[in-house]
Amino acid sequence: MRFDRLARRSVLAVLLCTLAVPAMAQSESPRRIGIVGAGNIGGTLGRLWLKAGYEVFFSSRHPEELKALIEELGPKARAGTPAEAIAFGNAVLIAVPYKAYPELGKENAAALKGKVVIDAGNAVKTRDGAIYDEVEKDGIGAVSAKYLAGARIVRAFNAANYKIFLKNAGRPDPRMAVPIAGDDPKALETARTLVTDAGFDPVVVGELDAAKTFAMGSPGFGHELSAPELRAKLGVAP
Ligand SMILES: NC(=O)c1ccc[n+]([C@@H]2O[C@H](COP(=O)([O-])OP(=O)(O)OC[C@H]3O[C@@H](n4cnc5c(N)ncnc54)[C@H](OP(=O)(O)O)[C@@H]3O)[C@@H](O)[C@H]2O)c1
(Lines give C-alpha, C1' and ligand atoms only; values in the text may rest on other atoms or scores of the structure.)
Protein backbone atom coordinates (compact mmCIF):
# COMPACT_ATOMS: atom_id res chain seq x y z
CA MET A 1 0.00 0.00 0.00
CA ARG A 2 2.73 2.40 1.14
CA PHE A 3 4.86 1.34 -1.86
CA ASP A 4 1.91 2.06 -4.19
CA ARG A 5 1.54 5.53 -2.76
CA LEU A 6 5.28 6.21 -3.09
CA ALA A 7 5.34 4.79 -6.61
CA ARG A 8 2.35 6.94 -7.60
CA ARG A 9 4.10 10.02 -6.18
CA SER A 10 7.29 9.24 -8.13
CA VAL A 11 5.37 8.78 -11.36
CA LEU A 12 3.56 12.07 -10.74
CA ALA A 13 6.85 13.85 -10.02
CA VAL A 14 8.40 12.52 -13.24
CA LEU A 15 5.31 13.54 -15.21
CA LEU A 16 5.37 17.05 -13.75
CA CYS A 17 9.06 17.41 -14.61
CA THR A 18 8.44 16.23 -18.17
CA LEU A 19 5.65 18.75 -18.57
CA ALA A 20 7.58 21.59 -16.92
CA VAL A 21 10.77 21.37 -19.01
CA PRO A 22 9.25 22.06 -22.45
CA ALA A 23 7.09 24.84 -20.96
CA MET A 24 10.21 26.58 -19.57
CA ALA A 25 12.13 26.00 -22.78
CA GLN A 26 9.22 27.45 -24.75
CA SER A 27 9.16 30.63 -22.66
CA GLU A 28 12.80 31.31 -23.65
CA SER A 29 12.24 30.24 -27.26
CA PRO A 30 12.51 33.10 -29.74
CA ARG A 31 10.24 31.50 -32.37
CA ARG A 32 7.75 34.40 -32.20
CA ILE A 33 9.27 37.76 -33.08
CA GLY A 34 7.55 41.10 -32.70
CA ILE A 35 9.01 43.89 -34.83
CA VAL A 36 8.52 47.53 -33.96
CA GLY A 37 9.12 49.44 -37.17
CA ALA A 38 8.61 47.64 -40.47
CA GLY A 39 10.92 49.85 -42.51
CA ASN A 40 14.29 49.07 -44.09
CA ILE A 41 15.89 47.14 -41.26
CA GLY A 42 12.71 45.75 -39.64
CA GLY A 43 11.32 44.65 -43.00
CA THR A 44 14.61 43.04 -44.05
CA LEU A 45 15.19 41.09 -40.82
CA GLY A 46 11.54 40.07 -40.57
CA ARG A 47 11.76 38.52 -44.03
CA LEU A 48 14.94 36.64 -43.07
CA TRP A 49 13.33 35.24 -39.91
CA LEU A 50 10.20 34.23 -41.82
CA LYS A 51 12.45 32.36 -44.22
CA ALA A 52 13.97 30.59 -41.21
CA GLY A 53 10.51 29.48 -40.05
CA TYR A 54 9.74 32.07 -37.37
CA GLU A 55 6.35 33.69 -36.83
CA VAL A 56 6.83 37.40 -37.36
CA PHE A 57 4.56 40.22 -36.23
CA PHE A 58 5.36 43.46 -38.08
CA SER A 59 4.04 46.71 -36.69
CA SER A 60 3.33 50.27 -37.62
CA ARG A 61 1.51 53.19 -36.11
CA HIS A 62 -0.68 52.73 -39.20
CA PRO A 63 -1.01 48.93 -39.32
CA GLU A 64 -3.51 49.04 -42.20
CA GLU A 65 -0.58 50.12 -44.38
CA LEU A 66 1.09 46.74 -43.81
CA LYS A 67 -1.79 44.73 -45.28
CA ALA A 68 -0.15 44.23 -48.68
CA LEU A 69 3.16 43.21 -47.06
CA ILE A 70 1.45 40.58 -44.91
CA GLU A 71 -0.46 39.16 -47.87
CA GLU A 72 2.80 38.90 -49.81
CA LEU A 73 4.64 37.20 -46.93
CA GLY A 74 2.12 34.47 -46.11
CA PRO A 75 0.49 32.95 -43.02
CA LYS A 76 3.44 33.22 -40.64
CA ALA A 77 3.48 37.00 -41.04
CA ARG A 78 1.06 39.24 -39.16
CA ALA A 79 0.69 42.96 -38.62
CA GLY A 80 -0.65 45.31 -36.00
CA THR A 81 0.36 48.08 -33.66
CA PRO A 82 3.74 48.37 -31.88
CA ALA A 83 2.03 47.38 -28.59
CA GLU A 84 0.62 44.23 -30.21
CA ALA A 85 4.02 43.36 -31.67
CA ILE A 86 5.66 43.67 -28.25
CA ALA A 87 2.98 41.47 -26.67
CA PHE A 88 3.30 38.87 -29.45
CA GLY A 89 7.04 38.33 -29.48
CA ASN A 90 9.00 36.30 -27.02
CA ALA A 91 11.71 38.47 -28.52
CA VAL A 92 11.15 41.93 -29.93
CA LEU A 93 13.19 43.77 -32.55
CA ILE A 94 13.20 47.54 -32.15
CA ALA A 95 13.85 49.11 -35.54
CA VAL A 96 12.64 52.70 -35.36
CA PRO A 97 14.41 56.06 -35.52
CA TYR A 98 16.30 56.48 -32.25
CA LYS A 99 14.48 59.70 -31.34
CA ALA A 100 11.31 57.60 -30.97
CA TYR A 101 12.79 55.55 -28.08
CA PRO A 102 11.69 57.77 -25.15
CA GLU A 103 8.04 57.76 -26.22
CA LEU A 104 8.08 54.11 -27.27
CA GLY A 105 9.60 53.12 -23.93
CA LYS A 106 7.10 55.19 -21.95
CA GLU A 107 4.03 53.94 -23.84
CA ASN A 108 5.10 50.30 -23.53
CA ALA A 109 6.84 50.39 -20.15
CA ALA A 110 4.98 47.47 -18.58
CA ALA A 111 5.16 45.22 -21.66
CA LEU A 112 8.89 45.81 -22.13
CA LYS A 113 9.82 44.79 -18.58
CA GLY A 114 11.75 41.52 -18.76
CA LYS A 115 11.30 41.25 -22.55
CA VAL A 116 14.23 40.23 -24.73
CA VAL A 117 14.77 43.26 -26.96
CA ILE A 118 17.00 43.17 -30.01
CA ASP A 119 17.94 46.81 -30.31
CA ALA A 120 18.84 47.70 -33.90
CA GLY A 121 18.44 51.47 -33.59
CA ASN A 122 21.26 53.90 -34.25
CA ALA A 123 21.49 57.52 -33.20
CA VAL A 124 21.93 59.78 -36.20
CA LYS A 125 22.79 63.44 -35.58
CA THR A 126 20.74 64.95 -38.41
CA ARG A 127 17.68 62.77 -37.77
CA ASP A 128 17.53 62.22 -34.02
CA GLY A 129 18.38 65.61 -32.48
CA ALA A 130 18.95 65.88 -28.72
CA ILE A 131 19.11 62.16 -28.03
CA TYR A 132 22.16 61.95 -30.31
CA ASP A 133 24.06 64.22 -27.88
CA GLU A 134 22.97 61.98 -24.99
CA VAL A 135 24.38 58.97 -26.85
CA GLU A 136 27.64 60.80 -27.54
CA LYS A 137 27.93 61.56 -23.82
CA ASP A 138 26.74 58.31 -22.18
CA GLY A 139 27.16 55.63 -24.85
CA ILE A 140 24.34 54.05 -26.85
CA GLY A 141 23.94 51.00 -24.59
CA ALA A 142 23.26 53.17 -21.53
CA VAL A 143 20.81 55.38 -23.41
CA SER A 144 18.85 52.39 -24.76
CA ALA A 145 18.74 50.94 -21.22
CA LYS A 146 17.46 54.26 -19.88
CA TYR A 147 14.56 54.57 -22.35
CA LEU A 148 13.68 50.87 -22.66
CA ALA A 149 13.92 50.43 -18.91
CA GLY A 150 13.66 46.88 -17.60
CA ALA A 151 13.98 45.25 -21.03
CA ARG A 152 16.69 42.61 -21.50
CA ILE A 153 18.44 44.53 -24.26
CA VAL A 154 20.89 43.15 -26.76
CA ARG A 155 22.30 45.59 -29.30
CA ALA A 156 22.46 43.82 -32.67
CA PHE A 157 22.19 44.51 -36.41
CA ASN A 158 23.41 48.08 -35.86
CA ALA A 159 26.71 47.93 -37.68
CA ALA A 160 25.74 47.70 -41.35
CA ASN A 161 23.23 48.96 -43.86
CA TYR A 162 20.18 46.77 -44.50
CA LYS A 163 21.32 46.26 -48.11
CA ILE A 164 24.55 44.73 -46.76
CA PHE A 165 22.53 42.40 -44.50
CA LEU A 166 20.32 41.45 -47.44
CA LYS A 167 23.29 40.78 -49.70
CA ASN A 168 25.23 38.70 -47.16
CA ALA A 169 22.50 36.75 -45.34
CA GLY A 170 23.28 33.05 -45.49
CA ARG A 171 26.35 33.57 -47.68
CA PRO A 172 28.70 30.58 -47.96
CA ASP A 173 31.26 30.29 -45.15
CA PRO A 174 32.73 32.38 -43.79
CA ARG A 175 29.46 34.04 -42.97
CA MET A 176 29.21 37.75 -42.29
CA ALA A 177 29.70 38.57 -38.60
CA VAL A 178 27.16 40.56 -36.63
CA PRO A 179 28.51 42.13 -33.44
CA ILE A 180 26.16 41.95 -30.46
CA ALA A 181 26.36 43.26 -26.89
CA GLY A 182 24.16 42.87 -23.83
CA ASP A 183 24.14 42.38 -20.06
CA ASP A 184 21.70 39.47 -19.75
CA PRO A 185 23.27 36.08 -20.63
CA LYS A 186 19.97 34.42 -21.60
CA ALA A 187 18.97 37.36 -23.77
CA LEU A 188 22.40 37.17 -25.42
CA GLU A 189 21.75 33.48 -26.14
CA THR A 190 18.42 34.36 -27.74
CA ALA A 191 20.10 37.08 -29.80
CA ARG A 192 22.81 34.66 -30.92
CA THR A 193 20.12 32.27 -32.14
CA LEU A 194 18.29 35.04 -33.96
CA VAL A 195 21.46 36.30 -35.64
CA THR A 196 22.42 32.77 -36.67
CA ASP A 197 18.95 31.97 -38.00
CA ALA A 198 18.93 35.21 -40.00
CA GLY A 199 22.05 33.89 -41.76
CA PHE A 200 24.99 35.50 -39.93
CA ASP A 201 27.66 34.67 -37.35
CA PRO A 202 27.07 36.40 -34.00
CA VAL A 203 30.12 37.86 -32.27
CA VAL A 204 29.53 38.75 -28.62
CA VAL A 205 31.62 41.85 -28.09
CA GLY A 206 30.77 42.31 -24.41
CA GLU A 207 28.20 43.81 -22.07
CA LEU A 208 25.78 46.50 -23.21
CA ASP A 209 28.34 49.26 -22.73
CA ALA A 210 30.59 47.58 -25.33
CA ALA A 211 27.97 48.38 -27.99
CA LYS A 212 29.81 51.66 -28.48
CA THR A 213 32.61 49.72 -30.20
CA PHE A 214 30.28 48.99 -33.13
CA ALA A 215 28.12 52.13 -33.01
CA MET A 216 27.99 54.42 -36.04
CA GLY A 217 31.37 55.99 -36.68
CA SER A 218 33.24 53.44 -34.54
CA PRO A 219 35.83 50.86 -35.74
CA GLY A 220 33.26 48.05 -35.65
CA PHE A 221 30.80 49.84 -37.92
CA GLY A 222 30.26 49.38 -41.65
CA HIS A 223 31.84 46.11 -42.66
CA GLU A 224 31.11 42.69 -44.09
CA LEU A 225 33.83 40.87 -42.14
CA SER A 226 33.81 37.25 -41.03
CA ALA A 227 33.72 36.42 -37.30
CA PRO A 228 37.50 35.86 -36.95
CA GLU A 229 38.20 39.10 -38.86
CA LEU A 230 35.76 41.08 -36.71
CA ARG A 231 37.14 39.62 -33.47
CA ALA A 232 40.67 40.58 -34.56
CA LYS A 233 39.53 44.11 -35.47
CA LEU A 234 37.79 44.67 -32.13
CA GLY A 235 40.23 42.71 -29.97
CA VAL A 236 37.55 40.22 -28.87
CA ALA A 237 38.81 36.83 -27.67
CA PRO A 238 37.49 33.80 -29.64
N1 LIG B 1 18.46 51.38 -42.65
C2 LIG B 1 19.51 50.68 -42.26
O3 LIG B 1 20.24 50.14 -43.10
C4 LIG B 1 19.81 50.49 -40.79
C5 LIG B 1 20.83 49.61 -40.41
C6 LIG B 1 21.08 49.42 -39.05
C7 LIG B 1 20.34 50.12 -38.10
N8 LIG B 1 19.37 51.01 -38.52
C9 LIG B 1 18.61 51.72 -37.50
O10 LIG B 1 17.35 51.07 -37.40
C11 LIG B 1 16.32 52.03 -37.13
C12 LIG B 1 15.29 51.96 -38.26
O13 LIG B 1 15.91 52.34 -39.48
P14 LIG B 1 15.20 52.12 -40.88
O15 LIG B 1 16.16 52.54 -41.91
O16 LIG B 1 14.62 50.75 -40.94
O17 LIG B 1 14.05 53.20 -40.80
P18 LIG B 1 12.75 53.34 -41.71
O19 LIG B 1 12.90 52.56 -42.96
O20 LIG B 1 12.46 54.80 -41.78
O21 LIG B 1 11.63 52.64 -40.81
C22 LIG B 1 11.39 53.11 -39.53
C23 LIG B 1 10.09 52.53 -39.04
O24 LIG B 1 9.90 53.05 -37.75
C25 LIG B 1 8.52 53.32 -37.58
N26 LIG B 1 8.43 54.45 -36.64
C27 LIG B 1 8.86 55.69 -36.80
N28 LIG B 1 8.62 56.41 -35.70
C29 LIG B 1 8.01 55.57 -34.82
C30 LIG B 1 7.52 55.70 -33.52
N31 LIG B 1 7.57 56.89 -32.89
N32 LIG B 1 6.99 54.63 -32.89
C33 LIG B 1 6.92 53.44 -33.53
N34 LIG B 1 7.36 53.26 -34.79
C35 LIG B 1 7.91 54.31 -35.41
C36 LIG B 1 7.96 53.64 -38.94
O37 LIG B 1 6.72 53.03 -39.03
P38 LIG B 1 5.34 53.81 -39.07
O39 LIG B 1 5.62 55.25 -39.50
O40 LIG B 1 4.58 53.05 -40.10
O41 LIG B 1 4.79 53.70 -37.70
C42 LIG B 1 8.92 52.91 -39.88
O43 LIG B 1 8.38 51.71 -40.36
C44 LIG B 1 17.01 53.38 -37.05
O45 LIG B 1 17.31 53.68 -35.71
C46 LIG B 1 18.29 53.18 -37.85
O47 LIG B 1 19.32 54.07 -37.47
C48 LIG B 1 19.09 51.18 -39.83
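The values are calculated or read from the model by the stated rules, or taken from the named source; none is laboratory data. Fair warning: this is a prediction, and the values are worked out from it, not measured in the lab. All Cβ positions, even for glycine, are placed from backbone atoms using ideal geometry, and neighbour counts span all protein chains on display.
Within the stretch 91-133, the set of residues being β-branched (Val, Ile, Thr), over 13 Å from Gly37 (Cβ atoms) and either modelled with pLDDT under 95 or near the ligand (Cβ under 9 Å from one of its atoms) (or both) comprises Val124 only. All of (1) touching a Lys or Arg at 6+ places or on another chain (Cβ under 7 Å); (2) crowded, with 17+ Cβ neighbours inside 10 Å; (3) part of a loop (DSSP other than H, G, I, E, B) hold for Ala123 with one exception: (1).
Comparison of Ala85, Ala142 shows that the only residue that is more than 14 Å from the ligand (Cβ to nearest atom) and of a type in the set (A, V, I, L, M) is Ala142. Scanning the stretch 45-85 for residues that are in contact (Cβ under 8 Å) with a residue 60 or more places away in the chain and closer than 24 Å to Ala111 by Cβ returns Leu45, Trp49, Tyr54. In this structure, is Ser144 surrounded by fewer than 18 Cβ atoms within 10 Å (Cβ to Cβ) and among the small types (Gly, Ala, Ser)? The answer is no for Ser144. When the stretch 193-202 is filtered for residues that are in a strand (DSSP E or B) and within 14 Å of the chain's Cα centre (by Cα), only Pro202 remains. Every condition in (1) within 11 Å of the ligand (Cβ to nearest atom); (2) in contact (Cβ under 8 Å) with a residue 12 or more places away in the chain is met by Lys163 except one, and the failing one is (2).
Would you confirm whether any residue within the stretch 166-185 is surrounded by fewer than 18 Cβ atoms within 10 Å (Cβ to Cβ), within 14 Å of the ligand (Cβ to nearest atom) and outside any helix (DSSP H, G or I)? For the stretch 166-185, residues surrounded by fewer than 18 Cβ atoms within 10 Å (Cβ to Cβ), within 14 Å of the ligand (Cβ to nearest atom) and outside any helix (DSSP H, G or I): absent.
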